[in-house]
DNA sequence: TCCATAGCCATACACCGTATGGCTGACGCT
DNA sequence: AGCGTCAGCCATACGGTGTATGGCTATGGA
């Protein structure tokens, strides 16, 4: 019904948010404007508003779908310390793929408030494993997420020395600090001694 | 020389940045515009540019003077755990007084890169006290700052439950986590047993 | 006295988000 | 076949933004 004069097919929210994300990746949050986005889609700026309430809503859509599609490692039965590290690594990797997106997300934590998100479910599971008591889960997970978020921001924005090895060491320090910290929180849940390898294969 | 027609005295950088900070406090970073600021000072917008290169530079001035004026507790000889907590509390209090300012600062960590800032000097001193080896000071302090920054952002932006006691508990959790984490990092520097109270009074 | 210049301002440009309202053409219904 | 509805799109316009350009004016030094 009255498809764009310049394009063949009608717009879709999917197409809009995909292109918007690309613009953000290229030029940061500031690099995304409704007008540029429309130009990129070969469409009049006002056409976008038939698929999205406003710019803020568009950003919300982009961020929350990114949060929903977060790829985190499953429970592999390993010690919680290892799983916590794996979670942090995965989160970090995801964030680094779309820094501007996560930057906006970190400025608007309410977008990932939903406790059913895979991020929180995973974090809760690991913290339970670590022995964090149930009533403290919410608080502890919030604090941990705040920490990781802070680290990601610092890495994204700051010029942490260009040396990627140094960044790696910083990340390692952060993880060790968090892990020890959680151990300290829960009284005593030190890492179990690595079991003697069953010689197989 | 050709003072403003509408005002008596000439503008000063001091006056500009003070008013700008007030606007930020009232309406966030978005609430500060060169035009509003000029209106507030009863001056033409372009007059500002004789005292400041551009908006970004103005923000940089505001943030870095705030960082330089950070009021942190002095070395009182108490255990490093207590001093670390006191540092965090002070930082947190400062940040909460001007959330928008610190929000911008956290988006531009390069502004407080200077290792001679009181923030870093204090943090280094405490970490040395905690036994962090010299070559790790930079890394560790960066990580710790990232953590605190993450917490401040979460508290500022997120709707951490309105209950201030709950926020307080969250802060406490964060500090304990960090402290235990640092203890874990440095091998062994547990808190010294509190000396038996000399019964006085 | 004259001039350089600090301080200020008027105008203008390019950009932004978006309110308003109108066009077009596909669809369901009679 | 005729008609109305409405999704999709677009043209125009408004009020906001940062700031480049260039001109005015009063003051200090020479």
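The values are calculated or read from the model by the stated rules, or taken from the named source; none is laboratory data. The structure presented is a predicted model; accordingly, all values stated were derived computationally and were not measured. As a convention, Cβ positions derive from the backbone with ideal geometry for all residues, glycine included, and neighbour counts pool all protein chains shown.
Summary of values
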quantity	calculated
Of all residues making up the stretch A:50-67, the number that are closer than 12 Å to residue A:17 by Cβ and outside any helix (DSSP H, G or I)	2
Residue B:165 facing chain A (nearest Cβ under 10 Å) and either crowded, with 16+ Cβ neighbours inside 10 Å or at pLDDT below 95 (or both)	no
Subset of the stretch B:20-49 (residues that are more than 14 Å from every other protein chain (Cβ to nearest Cβ), within 20 Å of the chain's Cα centre (by Cα) and more than 9 Å from DNA strand D (Cβ to nearest atom))	B:20, B:21, B:22, B:23, B:24, B:25, B:26, B:27
Extreme residue, farthest from the other protein chains (Cβ to nearest Cβ), among residues of the stretch A:50-74 that are in contact (Cβ under 8 Å) with a residue 40 or more places away in the chain and within 16 Å of DNA strand D (Cβ to nearest atom)	A:51
Selection count, the stretch B:68-95, where residues are more than 23 Å from residue B:184 (Cβ to Cβ) and outside any loop (DSSP other than H, G, I, E, B)	5
Residue within the stretch A:50-65 that is away from DNA strand C (no atom under 16 Å from the Cβ) and either in contact with a strand residue (DSSP E or B) (Cβ under 8 Å, 6 or more places away or on another chain) or over 25 Å from residue A:109 (Cα atoms) (or both) present	no
Filtered residue count, the stretch B:35-78, keeping only those that are surrounded by fewer than 15 Cβ atoms within 10 Å (Cβ to Cβ) and within 26 Å of residue B:180 (Cα to Cα)	7
Answer residue from the stretch B:101-114, given it is away from every other protein chain (no Cβ under 12 Å) and assigned to a helix (DSSP H, G or I) and is nearest to residue B:25 (Cα to Cα) among those	B:101
Candidates A:28, A:8, filtered to the one that is touching a helix residue (DSSP H, G or I) at 6+ places or on another chain (Cβ under 6 Å) and at pLDDT below 95	A:28
Criterion violated by residue A:82 - all others in (1) surrounded by 14 or more Cβ atoms within 10 Å (Cβ to Cβ); (2) within 13 Å of DNA strand C (Cβ to nearest atom); (3) without any contact (Cβ under 8 Å) to a residue 12 or more places away in the chain satisfied	(2)
